[in-house]
Amino acid sequence: MRNGINCSNTIVKIQTMTVIIPKEVYFTIVAACVRFANKKRPKDDWKEVSGIFTGKIINNKNEKDLYVSAAYPIMHDTFNPDDENVDDSDPRTVIDGYEYSDEDHASFALIDEEAFSRGEFTVGWWHSHPGFKVMLSGFGDRKTTISYQAHNPLAIALVFNPDRLRRQVELPQKAGDPIKQLRDDPGFKIFRMQDPNDRYSNFYEIEYRIEGFDDNEHVVRMAQKLAIDITNFFSGDNVFEIYDKFINSRINELNSLLQGVEEYLQTLTRKGEAHRINEVLSNQTRDIRKFIAETFIRVENIREFMSYLEYKERSTIIPKVEKILVEWDETVSQLNTKLTEIANKFSF
Ligand SMILES: [Zn+2]
């Protein structure tokens with residue numbers, strides 16, 4: 001990793017620095033993490049997600065702030081606690097099983113390089129603690145954070161718990177301790193290690209500001225809504241398969257709706273009720289347009305969710321998704337022609 005930040009700041013200055021999190025950065029973390037830890041998946045299958053931040057230092061009135069310009073999901077934990085080679089005492093059986101593969105390291109290098117060419121830097125990392133307290137664990141997280149701070153003293157570590165956002169509770173560090181009720185909490189905290197040379201030193205919380213919302217209540221309401229959409233339509237590994245099946249079924253349904261219209265009009269003609277054809281045709285056309293509008297919302301979701309994929313998934317999944325969306329667009333673009341054909345068949 002390149003270290004492009006001039007760090008002549010004193011430690012006091014660093015601690016007063018605010019981290020600015022734009023809406024899209026926050027939404028990327030929420031979406032990528034909820035994808036692998038949501039109500040649709042059994043709790044035993046909840047996976048931690050890990051990624052990095054790029055950004056830059058910006059000058060404010062009296063001080064400098066750390067502006068996070070993007071969050072990149074890199075990987076979800078594939079650690080298998082049931083593997084016979086895994087010792088029960090391994091802390092990763094409980095938490096922090098993230099471990100970069102060669103492909104993940106390659107993603108990191110590409111993102112870092114891209115950021116550098118824009119005059120930005122890798123400014124830290126983030127990961128999820130699904131169902132666990134938001135903090136830096138002693139065995140993995142602090143060491144990882146140290147490695148980022150070694151390259152960039154201002155680097156941050158963000159920890160997000162989807163459950164904390166959903167239920168607005170702070171989970172206790174150990175089972176049995178009381179749960180703390182929260183209000184308007186975005187589900188995460190940002191940390192830095194006190195001594196960037198000592199992985200056993202303590203960590204402290206960093207002030208942040210989320211931009212792009214009216215207030216904290218708005219932040220949480222929109223993030224919880226996103227979490228529900230992600231749970232319903234971006235859950236797990238097989239998102240392409242889900243979208244492929246969805247679009248195919250929508251194309252089939254649209255075709256059978258058109259066929260239904262034609263059959264209905266044939267029945268009317270046969271029964272000598274041809275005078276109702278115009279009325280029926282216009283009602284049926286309205287229903288079809290409603291069906292298309294509903295599908296359009298889901299298609300927009302699909303396009304939006306592509307930016308929440310893991311970096312390594314982008315080159316394989318996005319072109320395949322674009323291809324099926326083109327199929328949908330083409331089907332819809334033929335709709336008027338098909339409706340006109342049907343109308344012409346039954347006009348007198
Ligand atoms: Zn952790």
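A single member of Pro196, Pro162, Pro178, Pro186 is of a type outside the set (Gly, Ala, Ser), more than 30 Å from Asp65 (Cα to Cα) and in the same structural domain as Thr144 (by TED's automatic domain parsing), and it is Pro178. For beta carbons closer than 6 Å, sequence separation of 6+ or different chains, a first residue in the range 87-108 that is open to solvent by less than 80 Å² (accessible area, probe 1.4 Å) and a second that is modelled with pLDDT under 70, the qualifying pairs are Thr93/Pro81.
Here is a check on your reading of the model: is Arg289 part of a helix (DSSP H, G or I), open to solvent by 30 Å² or more (accessible area, probe 1.4 Å) and touching a Ser or Thr at 6+ places or on another chain (Cβ under 9 Å)? No: the conditions fail for Arg289.
Residues in the range 126-138 that are over 18 Å from His76 (Cα atoms) and more than 9 Å from the ligand (Cβ to nearest atom): Lys133, Gly138. Pairs meeting the criteria (first residue in the range 211-240 and assigned to a helix (DSSP H, G or I), second residue aromatic (Phe, Trp, Tyr) and surrounded by 13 or more Cβ atoms within 10 Å (Cβ to Cβ), beta carbons under 6 Å, at least 6 apart or on different chains) are Val219/Phe213; Leu226/Phe27. Return yes or no: is Phe191 of a type outside the set (Val, Ile, Thr), assigned to a loop (DSSP other than H, G, I, E, B), within 25 Å of the chain's Cα centre (by Cα) and within 14 Å of the ligand (Cβ to nearest atom)? Considered against the rule, which asks whether it is of a type outside the set (Val, Ile, Thr), assigned to a loop (DSSP other than H, G, I, E, B), within 25 Å of the chain's Cα centre (by Cα) and within 14 Å of the ligand (Cβ to nearest atom), Phe191 comes out as no. Is there a residue being away from the ligand (no atom under 16 Å from the Cβ), open to solvent by less than 10 Å² (accessible area, probe 1.4 Å), outside any helix (DSSP H, G or I) and touching a residue at least 60 places away in the same chain (Cβ under 8 Å) anywhere in the range 156-178? No, the conditions are met nowhere in the range 156-178.
Residues that are open to solvent by 10 Å² or more (accessible area, probe 1.4 Å) and touching a Phe, Trp or Tyr at 6+ places or on another chain (Cβ under 9 Å) within the range 121-139 comprise Pro130, Gly131, Met135, Gly138, listed in sequence order. In this structure, is Thr316 surrounded by 12 or more Cβ atoms within 10 Å (Cβ to Cβ) and either under 37 Å from the mean Cα position of the chain (by Cα) or assigned by TED's automatic domain parsing to the domain that holds Ala71 (or both)? Here the answer is no, as Thr316 does not meet what is asked. With respect to the conditions (1) in contact (Cβ under 8 Å) with a residue 24 or more places away in the chain; (2) out of contact with any Gly (no Cβ under 9 Å at 6 or more places or on another chain), Asp44 falls short on a single one, namely (1). The set of residues in the range 29-52 being open to solvent by less than 10 Å² (accessible area, probe 1.4 Å) and outside any loop (DSSP other than H, G, I, E, B) consists of Ile29, Val30, Ala31, Ala32, Cys33, Val34, Val49, Ser50, Gly51, Ile52. Can you pull out the residues in the range 269-294 that are without any contact (Cβ under 8 Å) to a residue 60 or more places away in the chain and in contact with a helix residue (DSSP H, G or I) (Cβ under 7 Å, 6 or more places away or on another chain)? Arg276, Val280, Gln284, Thr285, Ile288, Phe291, Ile292 - these are the residues of the range 269-294 that are without any contact (Cβ under 8 Å) to a residue 60 or more places away in the chain and in contact with a helix residue (DSSP H, G or I) (Cβ under 7 Å, 6 or more places away or on another chain).
The values are calculated or read from the model by the stated rules, or taken from the named source; none is laboratory data. Values in this document were obtained by computation on a predicted structure and should not be read as measured data. Here Cβ is always computed from backbone atoms with ideal geometry, including for glycine, and neighbour counts include all displayed protein chains. Keep in mind that these areas ignore ligands, DNA and RNA; they rest on the heavy atoms of the full protein, side chains included. Shrake-Rupley method; radii C 1.70, N 1.55, O 1.52, S 1.80 Å.
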